[in-house]
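Taking it in order: structure first as structure tokens, then the write-up.
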Amino acid sequence: MLRLDRRLLQNVDWPLLGAAFFIIGLSLVCLWSLNPGRGISTLMWRQLSWVGVGLVGLLVVVSVDYRNLVRAAPILYVVGLGLLLSVFVLGRTVSGARRWIHLGPLTVQPSELFKLIFIITLAWAFTSGRGERLSRGALIGTFLLLGVPFLLVVRQPDLGTALVLVPVLGATLVGIGVRARVLGALVLASVATMPLGWLVLKPYQRDRLLVYLDPFRDPLGTAYNVIQAKIAIGSGQLLGKGVGGATQSRLAFLPERHTDFIFAVFAEMWGFLGCLVLIVAYVLLVLRGFEIAAGTRETRGRILALGVTSVFAVQILINIGMVTGLLPIVGIPLPLMSYGGSSMVVSLTALGLLLSIRMRQFH
Amino acid sequence: MELKPPPANRREAWGRRVLALAVATSIGFVALLGQLWYLQVLEGGRMHELSERNRIRIRPVAAPRGILFDRNGLALVDNRPAFTLSLIPREMEDRNSVVARLSVLLKIPVGELLEALERVPGDSIRPVRVRRGLSLEDVTKVEERKLELPGVIVEVEPQRVYPTRTFAAHLLGYVREVSDEQMKQGRYRRGDMIGQSGLERLLDEHLRGRDGGERIEVDAMGRPVQIMRREEPDPGAQVITTVDRRIQEAAERAMAGRAGSVVVMDPRNGDVLAMTSSPAFPLDRLTGNLDRDEWLRLVRDPMTPLMNRALQGQYPPASVFKIIVAAAGLQEGSLTPMDRIFCNGEFSLGHWTFKDWKPGGHGHLDMRGAIAQSCDIFFYQAGLKVGGDAMARYAQAFGLGAPTGIDLGGERFGLVPFSPSQRSRAKRPWQAGDTVNMSIGQGQLLVTPLQIARMMAAVANGGILWKPRLVQRVERADGTLAYGSSSKMTERVELSPVVWAFLRHSLTSVVKEGTGVLARVPGVDIAGKTGTAQTIAKSDASKGQDHAWFASFAPADDPQYVVVVLVERGGKGGQVAAPIARQIYEAIFLQKVAQVTLGESG
């Protein structure tokens, strides 16, 4: 039962939705040009069906008061934890990582879904204290609460998702006004644990980091992806090569071209000007998100909105940064662009969360 | 830890913090745009070039080498497709492992592969040819493992195929990959096949043609997606030589197992109809993968198979030179056809005694008989009458001691001891004994079989010295003429017609009743002269034999063929060289008869 009254509809954030659907449109064009054809099995049609599923998620989230979602956080948390654990049991290993579980013909990536649960849990944890204060104990409790699933994600391993969650947590902490001293201590602590992290990393992950530091370390091995992506992007030049001329993408020199590296495909086809348009759309989306966060009076809404927006911002920045060679390679999809059901559904649902908060801003 | 309490304040502070985060995020986006500007605008050109290099492969398409034909349109050499193993350095992702795999697969030493790769830049997109003449079995092996061998391709190149291993080897020459030395000339590309000797080298520019190429778009696995542009190769031009394949084959057959040379020439125009040199080298081996040891074996072979004896072998002309002595004496008036001597087999000069080749001598002889029997005693005296200077002058007039001008390289000049400087090489003054030696074609005199053929042609045709012609014309693939040559007369020997007639008559007697009877072919008048050149017996006893000459033309009254045979250390000219000439004449004339009768009956 959707209970959308007039007032709610009046507050739909059309620029946000517009930017999101513009980006989805570009994604579909990109996927079509990578895998043209009319059949339902083509990438574009499959992506489109995921967009449909995502829209349902969006509508469901919009129709529900987000405060109820936050109240349901403990249940969601347990469900999320269960899903993450199920990967270790049901998961199928794809290129060394167990990230997906199979539900009939579908594969679901629980770590994607967990991003949302993470934010909701965060909002719940930071606001569940009766008073206006966030006690030290509550903060530590929150870290423990989030630490368990975080470690599970790292163990899959899905370093990308784990790396997204850390800055999201940081942004939320900044948002709620944790003192600079405490933040500094946290940053120091995480830097201190980095060498420890090195030990946890799989060999291929270490290679990726080393290659980031020196791309010509191994130009035909691990660095191949970085170099080919850079070539693809650069060769688009100012105006792009167009759909037919995008040889790097069409001839499969680009790895993961329809998923994590889709930005390189886009950049090759549409050039710097196309990238400018796409990035402006992303900036619009993210800034609208921050604006919603800033304009929300209700604390849970604020934290949720900030969290959702940070998830978008962090993923976009890391993905494009990595594809353009600014950051090391980690498996993070570009929200709304990359092919992938889990990512698309979660992104649209997250968008629904933002819309929902915006519509109920003035309650 | 606390959330700031007063709502108004809190809202403001919250807004500021969110703004700070938004600004931080925006800075991130600006950084991305900066990187994109750098990659796409500042570095865009370079990146575009890199992407083109990624996807485009150039595959050369070798031009078929021009074919050499004989005068009747029979092919002397032909092409067949051959497989060549090539490596494309740029496409070899992991050079060492690919080389290792290939080495195991085809049993090629790793060093050989690496050496080939080292000669070109590591990112070259042009294939480096590593091994030619791959067997079909090896080709299959490579094709089956294509995906494990990135950067390894099998090219199809036309390769020379020869009727027999040694057919006209010296004349045609061999084709071989351009050497490092030749690369320095800057005219060739690495891996080009170029003519290294004989006509193949002489006409290389024409025969080679121009290689074409294909630009292929490939995907990341190196699989061809489409041919973007194909440039057809220009096939090499066709060469119509003056050689008559059947005569060449007959000459080689006749010389089988012997060292020496045969030259067959048309005295009417100087066309070289056949030219052999034996032992010959195996053409097919020199064209393919010749290993060092085999090459050294060829170079060091005491029988010098690489030398073209027809124009590089220098021998004393021996009694063949008597033609020159007779011509000089008759023309200068120091001899007459009526001169008669009694030959007892010995001739004394001072305290020297010169012997005839025939113990006991020939008895009473006139000049014609002396030529027919090749009487040395007659010519010792004749030589003294004519004099060394006149003999040398006539020898030169007949083209001895000078290059014939044939287009093949490396021709030797021979030697006519004419000028004082040449004579002084002997480091002692010219003596009458030298004149005596010279009159029977011994001493310092040296000639090549080709010089003798040209000289005999002049005797046959009344004095015209032709520049020996090997190539009639070169026709491009589209039928246009790239090169054409007509017969060229280089010198003319002016002798009285009576002298010419006498010489021809006497030479006919040589075959009819003299030393050259073993050359006789029924139904054909052959004029010729035998020669037996004494060689200085070296330590190797078996080598101490004489060189056998037979220089001839036929038919005597209408000369169309000059046949010169030289057999190294073969023995007597009349017994060894003359029968070889007979076999060649038989091939020429009996075949002609067969053709005529076939033509009439058909």
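Computed from the coordinates by the stated procedures, all read-outs in this text should not be read as laboratory data. Note that the coordinates shown come from a computational prediction; the quantities given were computed from them, not determined experimentally. Cβ placement follows ideal geometry from the backbone for every residue including glycine, while neighbour counts extend to all protein chains displayed.
Brief remarks follow.
- Estimated dipole of the protein assembly as shown in Debye, rounded to 20 [Cβ of Lys and Arg +1, of Asp and Glu -1, Cα centre]: 3700
- Distance between the modelled labels on residue B:103 and residue B:496, one decimal in nanometres: 8.1 nm (7 Å Cα→Cβ projection).
- Set of aspartates and glutamates with alpha-carbon distance to residue B:512 below 18 Å, sequence-local pairs under 8 removed: B:366, B:525, B:557, B:558, B:586
- Sparse-neighbour loop sites [trypsin sites (Lys or Arg not before Pro); region B:480-530; at most 14 other C-beta within 10 Å; DSSP]: none
- Cα-based equivalent ellipsoid of the protein assembly as shown: semi-axis lengths in Å, sorted from largest, via gyration tensor: 102, 24, 21
- Leading residue at positive end of dipole, the protein assembly as shown (Cβ point charges), from B:331, B:207, B:270: B:207
- FRET E, pair residue B:72, residue B:46, Förster distance 56 Å, beta-carbon r, rounded to 0.05: 0.40
- Relative contact order (percent, whole number), region B:386-528, Cα cutoff 8 Å, 6+ residue spacing: 19
- The calculated FRET efficiency for residue B:355 paired with residue B:296, based on their beta-carbon distance and R0 = 56 Å, is about 0.80.
- Inter-chain neighbour count for B:50-62: the average number of beta-carbon atoms from partner chains within 10 Å of each residue's beta-carbon is 3.
- Computed over region A:242-289, the Cα gyration tensor eigenvalues convert (square root of 5λ each) into semi-axes of 24, 13, 5 Å, ordered from largest to smallest.
- Peptide packing: for A:147-155, B:373-381, A:109-117, the average count of neighbouring Cβ atoms within 10 Å per residue gives the ranking B:373-381, A:109-117, A:147-155, highest mean first.
- Under the criterion of Cα pairs below 8 Å and six or more residues apart, the relative contact order for region B:262-418 equals 18 percent.
- A compact globular protein would have a Cα radius of gyration near 2.2 N^0.38 Å; the ratio found for chain B is 1.44.
- Listed by chain and number, the aspartates and glutamates placed with their C-alpha closer than 12 angstrom to that of residue A:230 are A:268, B:43; residues fewer than eight positions away on the same chain are left out.
- When A:179, B:473 are sorted by how many other C-beta atoms sit within 10 angstrom of their C-beta, beginning with the fewest, the order is A:179, B:473.
- Of B:467/B:572; B:107/B:146; B:385/B:529; B:355/B:385; B:358/B:385; B:184/B:467, those spanning more than 28 Å from alpha-carbon to alpha-carbon: B:467/B:572; B:184/B:467
- Going from the fewest other Cβ atoms within 10 Å to the most, the residues B:487, A:33 appear in the order B:487, A:33.
- Residues B:585, B:188, A:77, sorted so that the one with the fewest Cβ neighbours within 10 Å comes first: B:188, A:77, B:585
- Using the Cβ-Cβ distance between residue A:182 and residue A:63 with R0 = 41 Å, the FRET efficiency computed as 1/(1 + (r/R0)^6) comes to roughly 0.60.
- Debye, to nearest 20: dipole size of region B:231-274, +1 on Lys, Arg Cβ, -1 on Asp, Glu Cβ: 520
- Full extension of the chain between residue B:156 and residue B:478 yields a length gain of 113.6 nm, computed as 0.36 nm times the residue separation minus the alpha carbon distance.
- Contact order for chain B, expressed relative to its length and based on alpha carbon pairs under 8 Å spaced 6+ residues apart, stands at 13 percent.
- Theoretical ellipticity at 222 nm over chain B - DSSP helices of four or more residues, -39500 (n - 2.57) apiece, nearest 500: -11000 deg cm²/dmol
- Selected from B:18, B:305, B:416, residue furthest toward positive end of dipole (chain B; charges at beta carbon): B:18
- Residue among B:460, B:486, B:89 farthest towards the positive dipole end of chain B, charges placed on Cβ: B:89
- The dipole here belongs to region A:110-189: it is taken about the Cα centre, uses +1 on the Cβ of Lys and Arg and -1 on the Cβ of Asp and Glu, and is about 320 debye.
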